[in-house]
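Everything on this sheet refers to the single structure shown next.
The values are calculated or read from the model by the stated rules, or taken from the named source; none is laboratory data. Keep in mind that this is a model prediction, so the values were computed, not measured. As a convention, Cβ positions derive from the backbone with ideal geometry for all residues, glycine included, and neighbour counts pool all protein chains shown. What goes into the accessible areas is simple: the full protein's heavy atoms, side chains included, and nothing from ligands, DNA or RNA. Shrake-Rupley method; radii C 1.70, N 1.55, O 1.52, S 1.80 Å.
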Amino acid sequence: MNERRGFRVLVFLAAFTCLMFELIISRLADFHLDSRNSFIAIPITFLGLALGSLHVHFRRQIAERFRVGRSLVLLALVSVCTLTLVFFIFSRYLTVVGAYSIMGDLERTVLKSAFFVGVFLFPFYWFGRTLTACYYLNRDQIGAIYSADFFGASLACFATPFLFHALNLPGVLLTFTAALSLLLFLFVRYSWRGKLVVLALLIAANAAFMGLLTYADNHTNYQDFFSGKERKDCEEIAHAWNEFSRVSLLRVKRANGTPFFVIMHDNAKSNVNVVPYRPGVVRKARHTGVLESLFLLGRPIDEVMVMFAGCGAQMIPFHEFSGGTSHITGIELNPLVRDLAVETPELVDYRLKEFLTLPNIDLKIMEGRSFLVQDTRKYDVIFVGSKAQTNVQLTGHSRKYLDTVEAYGLYLDRLKDNGILYFNHQPLVDVVLTLRKLFEQRKLPPFEKSSILIRRGTSLDLMVSPRGFTREEVLRLVKADTLKPPRLLYGPYLRESTRGFAASITAPFAPGYRPITDDRPFVWDLSLLDYSLAPDMDRIRDELYFFNWTRITTLLGLGTFACLFILVACVPKTRRPPAATLVYLLITGFCYLLIEVTYMAKLELFLQDLLISMATTLTVFLLASGTGSLLAARLGPRLNMRRFPFLVAMIVVVSIVLLDFVQRELLFLPLAARILLVVVLVLPTGISLGMFYPFAVSALVKRGYEHAVPITYGISTLSSVIGATYAMTMMIESGFDSLLQQAAAGYLLLGLFVLLYSRFSRSNVLSLRV
């Protein structure tokens, strides 16, 4: 293998392992730190890469004395040791804290997060150091070497979700260590006899690594999982990882000693109750409880849809109340929920496998919004299970697309003329407001005549009938409401039913109210006006306040770090990058990730399947960027940077229009057609954005600024992490289209800057023309 090809292979494999490492720690963060803090995986990655670049910038001999074998040995050791250390310590010694308890144990979560960040910065520093040295040593062919980075990263994005789906966490970790081992085997210079010894050592190291991590994963510490007055003991019976979450079956003992089973996603960001099936049991509705209220109304209930069906906890009562006559369709996203319920020996007596094979029971494993789009049947009841409020605000979860005006419209479209939409155990403020807005848009009967509110312990249930409820139906519920305090809080024809939360059903919309839509599908708003750098300690344990404060503070902290980074990098005058190049890299790096993250979030809905969305969008984007990097090298001086940013801005604006169109009009297309459309939509943008960085490096080399090449990677990387964090934070406030519009404005600004700079500057470092 010649030297140039060797460097390309090295960069390809280093980028592959780096991005796979990032995706792995993102999944670990979901479980060990809570999903609300898992976004820190991206800042960790880019900060580490930037620090490695900065070190090479100040110590040029790192690149000049670069030895592939030695660097790879250190990189492999640091990565594997860090992953093993963190995984073992978190699993065995730092107990898992439940999502619903995390605000009460905030100090521990903050300390765990700080430890997580501090330790994982180190391997990414080594990745950044290795890649920067490769870019510096191959600065004359930067387009080809940078494209290898994109291609390796794209393969990791494509492979990792499928590996999680097919092989569980051990398979993903084995692939990661195998990739590192391949790097070492290819680039360590020994005789064949020596390479065989190295291969044997690598196999032994991989086996030891897998054994240790598997042991730790099978002995996760749940000692403090539950907190509060009714403390419970947990025992994990079984678990598995996939692309969605770590799914665990827990046997839980209440304080009084009675056991029950629960299936848990990650650290309980969503829980699935396990209910036994008792053949032949028929129940009669007597009180205004969950499900019973539906049967008390006296309407036919022949066809039932249960959204978020889990392993059948709501399907079984429907079956019992209907006497086994209702056809019940359940929708569940994660196949591990079903698999753990039917395959774990401890649940054999629950007879769930028998229940799920009944002729009138159909549990479908698919994404909920996808089912609503593809299914054409009509239902008497659509039962929407618990919202799992700990994950509806996540920027990387398709669950949020089931809370929008458009999703609720699909629910109503799937109801029969006299059908009922039932929301169970939900925070109902946004549900009520979104439904009211939808009723207004469709000119349906008044919402206050079409809704019934039922108390369920400390939570609320909502029944909605687009045709409204009759006086006789409401009276049936009143007669059955014999418990104290009354469960029936609101209904048409009831007196004094507009107090407390029930007032939101009839109250006018608040000024400035924005409905939850597919363009801004988040149930939590980002409160910018309420922010202060010093947190209000009286409110810091409030979940929404903590969410706002951490997101905004992270964004400000990264911005401050970027300024310090640039100032430090510019201290040595002999290695200082030109100011014009600095501005160029900051704008292009920021806008690159701003577009990439927004595309990923926006296309989750269109691709519908979360696994396909994760693998397709980012893979195509990175492949296109790699192609753009190669094109930049071939175009050379023909790439006119005075006009190119304006072209990119136009491409981004056109993509907004096209993305909105396909998501509004073409969701019904088969998956293969939707994937092809995504490729067509993403390619022009990805190719264009991939040209900017190689162009900047080539221009610096041509103008005699080789000394500034190492720091360009750090600056571009750092501006990218700010762009990614800004996107994940501000999409909650602004929506997707607004972020893409801001990115287009960024490229317009870049175009104006380059135009003015080239006109008034004597030494144009933003041009390849002599």
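Of the solvent-accessible surface of segment 438-513, computed with a 1.4 Å probe and all protein chains present, 53% belongs to carbon and sulfur. Relative to the dominant Cα principal axis of the chain, helix 68-92 is inclined by about 20°. Highest mean packing first, where packing is the average number of other Cβ atoms within 10 Å per residue, the peptides 110-120, 478-488, 5-15 line up as 5-15, 110-120, 478-488.
By definition, a body whose alpha carbon gyration tensor gives a ≥ b ≥ c is oblate when a/c is 1.5 or more and a/b is not larger than b/c, and segment 329-370 fits this oblate description. In a reduced charge model with +1 at each Lys and Arg Cβ and -1 at each Asp and Glu Cβ, segment 323-374 shows a dipole moment near 200 debye about its Cα centre. Compactness check for segment 86-221: Cα Rg over 2.2 N^0.38 Å is 1.33. Here segment 250-279 and segment 711-734 have alpha carbon centers that stand 40 Å from each other. Based on the alpha-carbon gyration tensor of segment 538-644 and its eigenvalue square roots a ≥ b ≥ c, which shape applies: rounded if a/c is under 1.5, prolate if not and a/b is larger than b/c, or oblate? Taking the square roots of the gyration eigenvalues as a ≥ b ≥ c, segment 538-644 is oblate. With a 1.4 Å probe and all protein chains left in place, how much of the accessible area of segment 270-374 comes from carbon and sulfur atoms, in whole percent? In segment 270-374, the share of accessible area belonging to carbon and sulfur is 48 percent.
Looking at segment 161-214, the accessible area is 54 square angstrom per residue; that uses a 1.4 Å probe and ignores ligands, DNA and RNA.
Might you report the magnitude of the Cβ-based charge dipole of segment 236-296 about its Cα centre, with Lys and Arg at +1 and Asp and Glu at -1, to the nearest 20 debye?
Working: 9 positive and 4 negative charges, 75 e Å.
Here segment 236-296 has a charge dipole of around 360 debye.
Counting each DSSP H run of 4 or more residues in the chain as -39500 (n - 2.57), what helix-only mean residue ellipticity at 222 nm follows after dividing by all residues, to the nearest 500 deg cm²/dmol?
Working: 23 runs with 432 residues, N = 770.
So the helix-based figure for the chain works out to -19000 deg cm²/dmol.
Any chance you could check the Cα centroid distance between segment 108-182 and segment 1-66 for me, in angstrom? A separation of 5 Å, based on Cα centres. Accessible area per residue for segment 526-658, computed on protein heavy atoms with a 1.4 Å probe, is 43 Å².
As a fraction of the 1.4 Å probe accessible area of segment 644-722, surface on carbon and sulfur atoms comes out at 75 percent. Using only Cα atoms, find the angle between the long axis of helix 106-137 and the longest principal axis of the chain, and express it within 0 to 90 degrees, rounded to the nearest 10. Between helix and principal axis, roughly 30 degrees. When the surface is traced with a 1.4 Å probe over the full set of protein chains, TRP126 keeps roughly 30 Å² accessible. A protection proxy built from the mean count of other Cβ atoms within 10 Å ranks the segments 127-138, 402-413, most packed first, as 127-138, 402-413.
With a 1.4 Å probe and all protein chains left in place, how much accessible area per residue does segment 697-741 have, in Å²?
Values: 920 Å² over 45 residues.
Per-residue value: 21 Å².
Averaged over residues, the count of other Cβ atoms within 10 Å places the peptides 539-545, 439-445 in the sequence 539-545, 439-445, highest first. According to the Cα-based calculation, Rg over Rh for the chain is 1.00, with Rh computed by the Kirkwood formula.
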